[in-house]
Every structure is written in structure tokens, then in C-alpha cells.
Amino acid sequence: MTVLCGCIENDLGYPSIPVEITKFNVRGQIGNTIINNETRTVTVTVADTVYLKRVYLREIEMTEGATGPLEAGMLLDLSDSPKVTLQLYQEYEWTIKAQQTIDREFKIAGDYIQVGEPEFYPEECYAVARVTDKILLKDLTIERLKLGPTGSTINMSTEVPPIDWEYLGNYCKAKVVVNYSDFIVMEEWTLYIFQTDVTVSTTQADAWVNVAWLYGEGLDGADNGFEIREEIEEGWTVVDASYVTHSGGNFSACVPHLKEKTNYVCRAYSGEDYGTEIAFTTGEAVMLPGGTFDNWHKVGDVWYPYARDETPFWDSGNKGATTVGESNTVPTSDIWSGKNEGQAAYLESKFVGALGFGKFAAGNLFVGEFIDTDGTNGILDFGKPFTARPTKLKGYYKYKTGPMDYASGDFADFKGRPDTCHIYVAVGDWDEPVRIRTKPANRKLFDINDPNIIAYAEFSSGADVPDYREFELVLDYRATDRVPTYLVIVCTASKYGDYFVGSTSSELYIDEFSLEYDY
């Protein structure tokens, strides 16, 4: 389904109210929907059994008064990222994207036979496997074969069927037919098996600061691994087997404890054979600006977590809180070391306002900038430019929780439960800071499923911690070759503060944050 229209020029004095989608989910969906009101994009991930040309829309909500061709209960064709036009005085074009992963298999039986992992080309309907030239093609047996969604058949069988191979010199090929339910009917695939005299390859090396990720492929079942050396040295060091992960004939290693700003060379091995050498250079560690929380200044009622003459890196919701009350993120001399030097950050959740006017405000501190207020709601930009790849965020915290006395709507059942503090860190390749809006009508919060996130880690606690305690967040990288552009760190005394839910008794102290670059 695609609806394309031009935009109406606003020359009649109509108000300009952007149409935003606030809820969207489909049948067969996996995980949360990613809604980006800045780029007007909705992204859903669906199971491999969903037919992308007929996706059932279970629920949609958008700006009040908006109209358009989307309604719950309809079938959508999401096979080609359709565009739809929604209207409220003006027209706004949205893109609906569906992500779907089908796990496919093409496994040759036996050890020391298959080289690397098979390759699949679903658009052209063919698959390729490689084997060592030391075995005859006619002696091969297929152990596992899966080309379609879960539950699909090959030649009408859910097991590996008999296959009629055509032998052509150093390769063979065969035709098979895939069927699934009512939307994959007689889909013909071609299987190829090629012989090769290359049994091992060093395919990739991603250098960080004190860590490098190495990738290779070799004989499935063989002794596969890596060797590494500094460029100026002659002798090789075998990478410890505990650092190596295997997936069939593919293998990778996370090599820690390297020197920063140093030239290295690596190579993969499989049995007695070695792959080509790849040179790489490690990066430089970048300190976390303002992580000591020693420097603050105050303008009017607003406390800022940096010195007056410093370039801002951290900010808080104080600008919003002081529109109806006082700053609730402030400096404190209660620091983790106990010495009479420096300061820490004190984040207090409380009701800000007077005479019944105001709202619950969670104490918070984040890397980024408080942009503006929308009524009594905040508009924030999460993240500051950052291109290094840290492995950990470390710091100290203590926490006093309390029963949640502000909880309503979807969170009504939370009332009376202990509040929870929350600290998270992310690096991503965004083109700009992540815009956050807390106003319920157009709420946009940080989404850990955002495809621009490269690595993420979080910590939360709903227990009282009366004395400073060290924490360590190990970043989980979703890709090792993507280079970050922004760093996001968020701390709050009330985990659900974005929904104005929490306890007015919650107090979070944080101090001495730092980034680490080794495992």
C-alpha cells in the first residue's frame, strides 16, 4: 500500500500541527516498534513466518484529529517500505519499514570438509557452500538444509530430501523447491557447492583502543584461531582460545590488553594453514568530560553541572523543574572518597510546584542538552559528539528508594512499589543528538532498539544503598566495525520519570564516572 500526495501550502492561516504516530504494532511483531517523529519513520521487526505483503495492523494511534489511510484491522504491504500520507491541516509523509530475518542453513556433514559459512542470496534464490578440494564432490552429504521460514519444506519434506546433483568439474549444483504456508509456493532455489584450495582466510580486523576484533574462516571442525604481533616484532603470539568464538567454519576473536596507538599485524590459521596478514592500528583513549562532577555553577534558580567557563557536556532537567519549582539535580560535598575535596551529583525526585500546580520530576543528569520546555514538559537532546569505542562505564553511586507515590494511567499498578534508579550508556552513529520529548501527546523517549545504537549497557536498582558502591557497565556492541558519532549517558533517581512516575523519597548520588577501553 502506497499513498503519495503533495503537501498543501499553508496560505489560509491554518495552524501548523505535525502529525505524529504514537503507537503502532502488527501481528507477528517481535520487540518494540521504533517510531521516529523527526524522520517520520516507523520500523517494526516481525517473525520469519510473517508474509510481508499481507501484514495485519493490530493497533495505531496518532495525533488527535489526524486522518490518513491507516486504521487497525487492515492489511499492509510492507515488502517495500511503503509511504503513507497523514493529514492535519497540512499533509505529512511517513515511511513504514519492516525488518525480517530468516535463519537459513546449508551444512555439509563431516569435519574438515566445509570452508567458512554458506552464503545465501534470497532475492536470486540460490545458496553457495565451499568445501576443500581434498574431498570428492560425489562423497558429500548434506547434514542440514533450511532455505525458508520456520516450518517450510524443501521438495515437500521438512527433513533434508534426496537431492539430484549435477557435477561440473570443481563444483556441483542442484535445484530444489521451497514451500511455506500460502505465501511461498514452488519457489525454486539453486544450490552450489564449490571446491577450493584456500582453506583459511583472515577476513577482517576491527581495531579499537586496547581491544581488537579479528575475523576469519577455515575448515569446519578444525583447530581454528588467530596469531597476532606488534608490527615491529618478528615473533607471533597465539590468541588465547578462550577469546575465540566459532560458528561453523567462521570464527572471530576479541583480543584485549593491546597497547593504544600501536601498529599490529594479525593472521588467521586453520589446522596447519595460515591466512593472509592484516595490519591495523589501535586508537587513542578519550577521557569522559565532566565525569568527576566537581564543577558546577548556578544561574538564577538553575544549577548547571559544569563550570561557568567550561564547554557544556552534561546537563539536567533543572531548566524544566525551575519553571514551577527549584533545581532537583544539584552539587553535593558528600563524595565517594569521603575526603573534603571535590563534589558529586545529587539527584532528587520530588513534586515541583506550589498550591497544587506542578508535577512529579525525577532527579536526572545526562550527556547532552536541555533544549526547551513544552508547557511543563521537557524537550532534550541526548548525546554529545564522540568517536571512540569504550568497553565500560565505571562510577560510584548510592541510593535511597521509596514507595512510588506518583503512578497513574498505564503505571497505576506501580503505586506503592519501591522506586528504581537507572543509569545507562550508549554509543551510536546518529547524524545529530537524539531528540527526547516527555509531553504525553507527542512523547518520544530513548529506544534501546534504535538501529543507530552501536553499543548499550544499563544498570538499575530498587534497593537502598546507604554507602557509595562502585558499578561497572560493560557495553554490549552490536557491530564491531561501526564507528560512533555520539555518546549518550543518562542517570535518574526514578526509572520511569519520563512518564512522571516515581517516589518523592528517591535520592541518587553519583560520582567519579569514567570510560574504560579494555576488557
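Within the shell defined by Cβ-Cβ distances under 11 Å, the residues around I60 carry a net charge of -1, with Lys and Arg each +1 and Asp and Glu each -1. Could you tell me the distance between the Cα centroids of region 370-414 and region 433-499, to the nearest Å? Distance between centres, Cα-based: 8 Å. Remark: the Cα gyration tensor places region 302-440 in the rounded category, a/c being less than 1.5. In straight-distance terms, cross-link reach from K138 covers every one of the lysines whose alpha-carbon lies under 24 Å from its own, apart from those fewer than eight places away in the same chain; here that gives K107, K146, K173, K175. Given +1 at the Cβ of Lys and Arg, -1 at the Cβ of Asp and Glu and no other charges, the dipole of the chain around its Cα centre is 1280 debye to the nearest 20.
Among the protein heavy atoms of region 434-519, carbon and sulfur supply 42% of the accessible surface, probe 1.4 Å, non-protein parts ignored. Dividing the mean sequence gap of close Cα pairs (under 8 Å, 6+ apart) by how many residues the chain holds gives a relative contact order of 11 percent.
Take the chain with all the other protein chains still there, run a 1.4 Å probe, and you get 48 Å² of accessible area per residue.
A probe of 1.4 angstrom, applied to the heavy atoms of all protein chains, finds R58 with accessible area near 150 square angstrom.
Could you tell me which of the pairs K359/K495; K23/K398; K319/K444 are separated by over 24 angstrom between their Cα atoms in the structure shown? Check vs 24 Å cut-off fails for K23/K398. Within the straight-line cut-off of under 13 Å between alpha carbons, the aspartates and glutamates reachable from K384 are D315, E369, D429, D431, E432, sequence neighbours fewer than 8 places apart in one chain being disregarded.
The values are calculated or read from the model by the stated rules, or taken from the named source; none is laboratory data. Just so it is clear, the model here is predicted, and its values are computed rather than measured. As a convention, Cβ positions derive from the backbone with ideal geometry for all residues, glycine included, and neighbour counts pool all protein chains shown. Areas reflect the complete protein model, heavy atoms only, side chains present, ligands, DNA and RNA absent. Shrake-Rupley method; radii C 1.70, N 1.55, O 1.52, S 1.80 Å.
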